[in-house]
Amino acid sequence: MKVTNIIIILGPPGSGKGTQGKKLAEDLHYEYVSMGQVLRNYADTGSDLGLKIKEVIDAGRIIPDSWIKIIFHEVMMNLPDDCRGLILDGFPRDLDQEPILEDAVSRYGIEKIQVLFIEVPEEKLRERLNSRGRAGSLRADDDPKIFDTRFDQYRTRTFPLKAYLAKQGLLLEINGDQSIENVAEEIKNKLAR
Ligand code: AP5
Ligand code: MG
C-alpha cells in the first residue's frame, strides 16, 4: 500500500474535524478516515477489545497507544489500491503517537504531510457538543458531564503536538470559530500555499 499525500486534521472535541475532513475528502477525491469513528466501530463489535475501547471513549479519555498502533496500521492496509490521498482525522493524538506516523512515512511511501490544527474557544465547543447531544447524537461522550474530561485530554495530550508539528514545518493553523464555509475556505487557501 502506497499513500503519497496525507492531510491530518487535529483540534479539540467539536472543532469541526469531521465536518471539514469529509468536505475536503470529497473535494480532493481523497479517502477520509476518522480515528474516533474507527474506534467507535470497534466498540460496536462487542468483542473484548471493543468493550474495553468503548469504556475509554465513553469516559472521554484517550485510547492506549499500543492499541492505536495496531489499529492505525489496519487502517492503512485497508485503504483502496487507487487511493489518491488520505484525510486522517484525530491521529496522532499525542506526542507518544507521533513516532507511529513517522514510521509510516517510509513504510507506506508517504511523500507529503500537512497538518490542519483547528482551534475554537472552549465555551463554543461545549455549546456545539451540547447541542449535538440534544439533537439526538448517539455518542455517549456527548454527555455534557464528559466534555471537561475530553477537553482536558485535548489540552494536556493533543495541544502539545502543535508546537512540535510547527517545528517540523507541517503545521497549518486554522481558525475554527467561523462559519463552516469560511473555515473550509481558510483550509483550502492554506493548503494551497
Ligand atoms: P473523535 O471522534 O475524534 O472525537 P473528538 O475529538 O472528541 O471530536 P468530535 O468528533 O466530537 O468533533 P469534531 O472535531 O469532529 O467536530 P464535528 O465536525 O463533529 O474521538 C472520540 C474518542 O475516540 C476520543 O475521545 C478518544 O477516546 C478516541 N480516539 C480518537 N482518536 C484517537 C487516537 N488517535 N488515539 C487515542 N484515542 C483516540 O463538529 C462538532 C459539532 O459542531 C457538529 O454538530 C457540527 O455540525 C458543528 N460544527 C462544525 N463546524 C462548525 C462551525 N464552523 N460552526 C458551528 N458549528 C459547527
Ligand atoms: Mg469527529
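The values are calculated or read from the model by the stated rules, or taken from the named source; none is laboratory data. As the structure is a prediction and not an experimental result, all values here were calculated from the model. Here Cβ is always computed from backbone atoms with ideal geometry, including for glycine, and neighbour counts include all displayed protein chains.
Could you pull out the residue among R132, R128, R139 that is near ligand 1 (Cβ under 9 Å from one of its atoms), under 15 Å from G90 (Cβ atoms) and surrounded by 13 or more Cβ atoms within 10 Å (Cβ to Cβ)? Working first, answer last.
Values: R132 fails: under 15 Å from G90 (Cβ atoms); R128 fails: under 15 Å from G90 (Cβ atoms).
None of the other options fit; the residue is R139.
So that you can scan it fast, the table gives a plain yes or no per residue for (1) more than 30 Å from E185 (Cβ to Cβ); (2) more than 10 Å from ligand 1 (Cβ to nearest atom); (3) aliphatic (A, V, I, L, M); (4) assigned to a loop (DSSP other than H, G, I, E, B):
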{"residue": "A25", "(1), (2), (3), (4)": "no, yes, yes, no"}
{"residue": "N41", "(1), (2), (3), (4)": "yes, yes, no, no"}
{"residue": "G60", "(1), (2), (3), (4)": "yes, no, no, yes"}
{"residue": "I71", "(1), (2), (3), (4)": "yes, no, yes, no"}
{"residue": "V75", "(1), (2), (3), (4)": "no, yes, yes, no"}
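To keep it simple, each residue is scored yes or no on (1) without any contact (Cβ under 8 Å) to a residue 60 or more places away in the chain; (2) among the hydrophobic types (A, V, I, L, M, F, W, C).
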{"position": "M35", "(1), (2)": "yes, yes"}
{"position": "R40", "(1), (2)": "no, no"}
{"position": "A43", "(1), (2)": "yes, yes"}
{"position": "I53", "(1), (2)": "yes, yes"}
{"position": "A59", "(1), (2)": "no, yes"}
{"position": "W67", "(1), (2)": "yes, yes"}
{"position": "E74", "(1), (2)": "yes, no"}
{"position": "P80", "(1), (2)": "yes, no"}
{"position": "C83", "(1), (2)": "no, yes"}
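Residue check, S15 against (1) closer than 20 Å to K188 by Cβ; (2) touching a strand residue (DSSP E or B) at 6+ places or on another chain (Cβ under 9 Å); (3) more than 7 Å from ligand 1 (Cβ to nearest atom), all met but one. Which one?
Status for S15: all satisfied but (3).
Within the range 2-21, identify whether any single residue is more than 12 Å from the chain's Cα centre (by Cα), over 23 Å from I57 (Cβ atoms) and assigned to a helix (DSSP H, G or I), and answer yes or no.
no
For the range 93-135, how many residues meet the condition of being closer than 24 Å to T19 by Cα and among the β-branched types (V, I, T)? Before you say what the answer is, go through the steps one by one.
So in the range 93-135, the residues closer than 24 Å to T19 by Cα come out as 93-94, 97-98, 101, 112-135.
Cutting the leftovers down to among the β-branched types (V, I, T) gives us 113, 115, 118, 120.
Of the residues in the range 93-135, 4 are closer than 24 Å to T19 by Cα and among the β-branched types (V, I, T).
Quick one: in the range 156-177, which of the residues that are under 21 Å from G14 (Cβ atoms) and out of contact with any Leu (no Cβ under 7 Å at 6 or more places or on another chain) is surrounded by the most Cβ atoms within 10 Å (Cβ to Cβ)?
Let us first name the residues in the range 156-177 that are under 21 Å from G14 (Cβ atoms), namely 156-162, 165, 171-177.
Adding the requirement that they be out of contact with any Leu (no Cβ under 7 Å at 6 or more places or on another chain) leaves 156-157, 159, 173, 175-177.
On the way: T156: 11, R157: 16, F159: 16, E173: 14, N175: 11, G176: 27, D177: 15.
Filtering first and then ranking leaves G176.
Go through (1) within 14 Å of ligand 1 (Cβ to nearest atom); (2) polar (S, T, N, Q); (3) not in a loop (DSSP other than H, G, I, E, B) and name the single condition Q114 misses.
(1)
When residues of the range 149-193 are filtered for being of a type in the set (S, T, N, Q), touching a strand residue (DSSP E or B) at 6+ places or on another chain (Cβ under 9 Å) and under 27 Å from Q97 (Cα atoms), how many remain?
First, pick out the residues of the range 149-193 that are of a type in the set (S, T, N, Q): 149, 153, 156, 158, 168, 175, 178-179, 182, 189.
Cutting the leftovers down to touching a strand residue (DSSP E or B) at 6+ places or on another chain (Cβ under 9 Å) gives us 158, 168, 175, 182.
Restricting the remaining residues to those that are under 27 Å from Q97 (Cα atoms) gives 158, 168, 175.
Count: 3.
Considering only residues that are at pLDDT 90 or above and either assigned to a helix (DSSP H, G or I) or not hydrophobic (A, V, I, L, M, F, W, C) (or both), which ones fall in the range 134-148? Please lay out each step first, then the result.
Step one: of the range 134-148, the residues at pLDDT 90 or above are 134-136, 139-148.
Hits for the range 134-148 are R134, G136, R139, A140, D141, D142, D143, P144, K145, I146, F147, D148.
Within the range 80-94, identify whether any single residue is more than 7 Å from ligand 1 (Cβ to nearest atom), in a helix (DSSP H, G or I) and over 23 Å from L161 (Cβ atoms), and answer yes or no. Explain how you work it out, then say what you get.
Within the range 80-94, the subset more than 7 Å from ligand 1 (Cβ to nearest atom) is 80-88, 94.
Subsequent filtering for residues that are in a helix (DSSP H, G or I) retains none.
No, the range 80-94 has no match at all.
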